[in-house]
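Each value in this text was obtained by applying a stated rule to the coordinates, not by laboratory testing. Predicted, not measured: the structure shown is a model, and the values here were computed from it. Backbone-built Cβ (ideal geometry, glycine too); neighbour counts: all protein chains shown.
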Amino acid sequence: MSAQGTLDPADDPRPVPPREPALEECCKGGCELCVFDRYYDALERYRGALQSWLERHPGATPQPTFRLTGSYTHKYLF
């Protein structure tokens, strides 16, 4: 912890975003837990963890917003 009472990033590392699955990783079979469902769940947890981390590290800059890069339309994108 620094003299100002904030955490040192070395002691409190920035959360790491989840890896976005490749379009080929989805079988497009309507699975109950699609790889994209798991990704969006992990992304939501990551965003919450990042928000908490940014509050603990007010001088840090936020990372860009994540979007799917492929053409696959997922149920959460409607």
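Pulled fully out, how much extra length does the chain show between R19 and R45, if you take 0.36 nm times their separation in residues and subtract their Cα-Cα distance?
Full extension from R19 to R45 adds 8.1 nm.
Under the Karplus relation 6.51 cos²θ - 1.76 cosθ + 1.60, θ = phi - 60°, what is the ordered set of whole-Hz ³J(HN,Hα) values for the stretch 36-49, x standing for Gly and Pro?
Each residue's phi maps through the Karplus curve to give 6, 4, 5, 4, 5, 5, 5, 5, 5, 5, 4, 4, x, 5 Hz.
Apply 1/(1 + (r/R0)^6) to the Cβ-Cβ distance of R38 and A10, taking R0 = 22 Å, and write down the FRET efficiency to the nearest 0.05.
Efficiency at R0 = 22 Å is approximately 0.15.
Efficiency by 1/(1 + (r/R0)^6): what FRET value for R56 and C27, r their Cβ-Cβ distance, R0 = 35 Å, to the nearest 0.05?
Efficiency at R0 = 35 Å is approximately 0.30.
Considering amide H positions built from the backbone, and no H for Pro or chain starts, which residues 5 or more places from C34, or on another chain, come under 5 Å of its amide H?
Close amide H contacts, sequence-distant or interchain: none at all.
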